[in-house]
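Reviewing the structure listed below.
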Amino acid sequence: MTNYTHWFIRARLKTRQLLLLMALEEEGNIHRAAQVLNMTQPAASKLLKDLEEMLGVELFQRLPRGMRPTWYGETMIRHARMALANLSQAHDEIEALKAGRFGQVSIGAITAPGMALLPAAVAQVKQEHPNLAVSVAIESSDVLLERLAQGKLDLMIGRLFERHDKSDLRYEALAEEPVCAVVRPGHPLLGVARLGLRDLVNVGWIVPPTGSVLRHRFELMFQEEGLETPVNLVDSQALLFVTKMLQQSDMVAVVAADVGRYYAEHGLVAVLPITLPCKMDAFGLITRTDRLLSPAAKVMLRAVRNAAVSVYGVRLGEG
């Protein structure tokens with residue numbers, strides 16, 4: 001049975017108290033926070049005092065010049081942001097339904113599954129629900145995880161590393177990501193018999209930025225073969241630039257195998273006949289466990305699961 005005696009109901013928690021927490025964090029000053037919310041400073045002070053009394057903790061340190069959240073305050077602010085984001089999303093969904101749309105869903109992915117998996121999933125969703133508004137973001141895992149935490153994405157396909165906070169996240173592995181070397185069609189290296197890493201030391205490379213996992217593994221690949229690491233490098237992950245640069249030079253680019261195959265099928269690049277002994281970490285489907293998915297997000301989730309079977313041969317769990 002649903003619990004209708006939550007503490008915030010008994011305490012008559014006000015939406016303005018949640019807004020005040022966020023304003024105080026951003027402004028660091030009760031006077032400016034009150035101005036932002038178009039209320040008097042005494043009223044703002046009373047709202048904060050009432051909230052602290054009902055929780056039995058101090059949410060902000062009172063400093064000579066402003067205020068700073070305590071650990072209790074940071075916890076409450078984080079949940080206030082999520083609660084207000086959910087209310088905002090509810091309003092957007094209702095407005096979409098009033099306008100005759102089924103709803104809206106936002107999904108993000110890193111590049112390779114963004115090319116190999118998402119088009120099939122989105123096509124299924126649009127076929128079943130033409131009026132469902134779909135927003136797609138192709139970004140790095142770090143950016144996508146931040147947007148997921150902020151409630152700006154309903155679900156994402158990306159990687160989780162040790163540095164990421166995995167609390168409140170559900171991760172379902174999809175696939176590992178091998179990489180390949182690509183060049184322009186007609187490149188001289190395409191005619192080299194038994195192409196090896198030694199043949200690629202002195203060529204110009206387009207590689208991911210310093211500090212990225214793939215850049216580290218790219219350099220390690222040569223070192224483990226006792227070879228010098230290539231020094232003629234261009235750092236870029238922008239695929240439009242990479243493909244254009246390859247067409248106008250004899251450089252070689254390291255990209256995800258799915259990406260390389262896609263551009264090769266369209267005649268923009270050719271994949272070098274060499275197996276690179278480095279790869280990216282596995283990626284997977286990531287959702288939040290602390291939020292309920294909207295009906296529209298559930299439709300997209302089912303479509304992603306269906307597409308994963310045909311694209312990766314993986315049958316993800318239901319729910």
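Give the angle, between 0 and 90 degrees and rounded to the nearest 10, that separates the Cα long axis of helix 41-55 from the longest principal axis of the Cα atoms of the chain. Once rounded, the angle reads 80 degrees. Ordered from longest to shortest, the equivalent ellipsoid semi-axes for the stretch 52-135 are 41, 18, 9 Å, each the square root of 5 times a Cα gyration tensor eigenvalue. With semi-axes defined as the square roots of five times the eigenvalues of the C-alpha gyration tensor, the equivalent ellipsoid of the stretch 179-271 measures 20, 16, 12 Å, largest first. Under the combined filter of DSSP loop state and at most 13 neighbouring Cβ atoms within 10 Å, the stretch 152-194 retains these GluC sites (Glu not before Pro): Glu162.
Using every Cα-Cα pair within the stretch 45-204, state what percent have a distance larger than 23 Å. For the stretch 45-204, the share of Cα pairs beyond 23 Å comes to 63 percent. A DSSP coil position with no more than 11 other Cβ atoms inside 10 Å describes the following GluC sites (Glu not before Pro) in the stretch 221-278: Glu228.
The length gained by stretching the chain between Gln237 and Arg65 to full extension, at 0.36 nm per residue less their Cα-Cα distance, is 57.5 nm.
Near Arg163: Cβ cut-off under 15 Å, other residues only, Lys/Arg at +1 and Asp/Glu at -1. The net charge is -3.
Its Cα gyration tensor gives the stretch 7-98 an equivalent ellipsoid, and the semi-axes of that ellipsoid, as √(5λ) in whole Å with the largest first, are 24, 15, 12.
Over the chain, the Kirkwood radius and the radius of gyration, each from Cα atoms, give a ratio Rg/Rh of 1.09. Placing a pseudo-label 7 Å from each Cα along the Cα-to-Cβ vector at Val201 and Ile138 gives an inter-label distance of 3.5 nm. What percentage of the solvent-accessible surface of the stretch 179-271, computed with a 1.4 Å probe over protein heavy atoms, is contributed by carbon and sulfur atoms? With neighbouring chains kept in place, the figure for the stretch 179-271 is 51 percent.
Put simply, when 142-148, 78-84, 127-133 are sorted by average Cβ atoms within 10 angstrom per residue, most first, you get 142-148, 78-84, 127-133. Global dimensions of the stretch 215-319 from alpha-carbon coordinates: Rg and Dmax equal 18.7, 55 Å.
Once Lys and Arg get +1 and Asp and Glu get -1 on their Cβ, which of Ser45, Gln17, His91 lies farthest toward the positive end of the dipole of the stretch 7-98? The residue sitting most towards the positive pole is Ser45. Taking the charge dipole of the chain about its Cα centre, with +1 at Lys and Arg Cβ atoms and -1 at Asp and Glu Cβ atoms, the residue from Ala133, Pro185, Pro113 reaching farthest to the positive side is Ala133.
Mind checking which of Val207, Val252, Phe161 is farthest towards the positive end of the chain's charge dipole, using Cβ charges of +1 (Lys, Arg) and -1 (Asp, Glu) about the Cα centre? Comparing the listed Cα positions along the dipole, Phe161 ranks first.
The values are calculated or read from the model by the stated rules, or taken from the named source; none is laboratory data. Quick caveat: nothing in here was measured; it's all calculated off a predicted structure. Note that we place each Cβ from the backbone using ideal geometry, even for glycine, and neighbour counts take in every protein chain shown. The area values use the complete protein model at the heavy-atom level, side chains included, leaving out ligands, DNA and RNA. Shrake-Rupley method; radii C 1.70, N 1.55, O 1.52, S 1.80 Å.
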